[in-house]
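Take a look at the structure below.
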Amino acid sequence: QVQLVESGGGLVQAGGSLRLSCAASGRSSSAYTMGWFRQAPGKEREFVAAITWTGGRTYYADSVKGRFTISRDDAKNTADLQMNSLRPEDTAVYYCAATREVHTTAETRFDYWGQGTQVTVSS
């Protein structure tokens, strides 16, 4: 069992930056692929980024490539999402998630989820 708690959301102007953090706790929490997903109002939840626990390979949605960076610190059991050059269309609730699978970005393959943190980008 893994518990996930997100932090770092807020309101920012377009072009600005935010850093989200996900704190993981529980048994062997470092042995999980960590992912970030987001859900905008009226839309389905979508994949944003993921980082594996074997080798730290990263995956990104096309919409955030070059702007967002996912990282993890297994000593601290955290997974961060640095978001730069934010756009109004990045406005959403951002969720941290974890899975024992290594190479996956599919929402249905993630077993553990945080409560989410709101990110609002004003134009």
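Just one residue in the set ARG27, ARG45, ARG19 is in contact with a helix residue (DSSP H, G or I) (Cβ under 9 Å, 6 or more places away or on another chain) and open to solvent by 30 Å² or more (accessible area, probe 1.4 Å); that residue is ARG45.
Applying the criterion of being at pLDDT 95 or above and hydroxyl-bearing (Ser, Thr, Tyr) to the residues of segment 1-32, the residue that is farthest from the chain's Cα centre (by Cα) is SER17. With respect to the conditions (1) part of a loop (DSSP other than H, G, I, E, B); (2) within 18 Å of SER7 (Cβ to Cβ); (3) open to solvent by 10 Å² or more (accessible area, probe 1.4 Å), GLN118 falls short on a single one, namely (1). When you look at GLN39, is it modelled with pLDDT of 95 or more and open to solvent by 40 Å² or more (accessible area, probe 1.4 Å), yes or no? Criteria met by GLN39.
Yes/no per residue for (1) aromatic (Phe, Trp, Tyr); (2) within 10 Å of the chain's Cα centre (by Cα):
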position	(1), (2)
ALA40	no, no
ALA49	no, yes
TRP53	yes, no
TYR95	yes, yes
THR99	no, no
TRP113	yes, no
GLY116	no, yes
THR120	no, no
SER123	no, no
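GLY8 meets the conditions (1) at negative phi; (2) open to solvent by less than 50 Å² (accessible area, probe 1.4 Å); (3) touching an Asp or Glu at 6+ places or on another chain (Cβ under 9 Å) in every case but one. The failed one is (1).
Determine which member of the set PHE68, PHE47, PHE37 is among the aromatic types (Phe, Trp, Tyr) and touching a Leu at 6+ places or on another chain (Cβ under 8 Å). Talk me through it step by step, then tell me what you get.
Numbers: PHE47 fails: touching a Leu at 6+ places or on another chain (Cβ under 8 Å); PHE37 fails: touching a Leu at 6+ places or on another chain (Cβ under 8 Å).
Matching residue, one of PHE68, PHE47, PHE37: PHE68.
If I filter segment 89-111 for residues that are touching a residue at least 12 places away in the same chain (Cβ under 8 Å), surrounded by fewer than 21 Cβ atoms within 10 Å (Cβ to Cβ), on the phi > 0 side of the Ramachandran plot and of a type outside the set (Phe, Trp, Tyr), do I get at least one hit? Within segment 89-111, none of the residues are touching a residue at least 12 places away in the same chain (Cβ under 8 Å), surrounded by fewer than 21 Cβ atoms within 10 Å (Cβ to Cβ), on the phi > 0 side of the Ramachandran plot and of a type outside the set (Phe, Trp, Tyr).
Give me the residue from segment 48-60 that is outside any strand (DSSP E or B) and without any contact (Cβ under 8 Å) to a residue 24 or more places away in the chain and, out of that set, least open to solvent (accessible area, probe 1.4 Å). Lay out the reasoning, then the answer.
Start the filter on segment 48-60 by keeping residues that are outside any strand (DSSP E or B), which leaves 52-57.
Filter once more, so that each one left must be without any contact (Cβ under 8 Å) to a residue 24 or more places away in the chain: 55-56.
Numbers: GLY55: 85, GLY56: 35 Å².
In this case the residue turns out to be GLY56.
The values are calculated or read from the model by the stated rules, or taken from the named source; none is laboratory data. Just so it is clear, the structure is predicted and the values come from calculations on it, not from any experiment. Heads up, the Cβs are rebuilt from the backbone with ideal geometry, glycines too, and the neighbour counts pull from every protein chain shown. Accessible surface areas use protein heavy atoms only, side chains included; no ligands, DNA or RNA. Shrake-Rupley method; radii C 1.70, N 1.55, O 1.52, S 1.80 Å.
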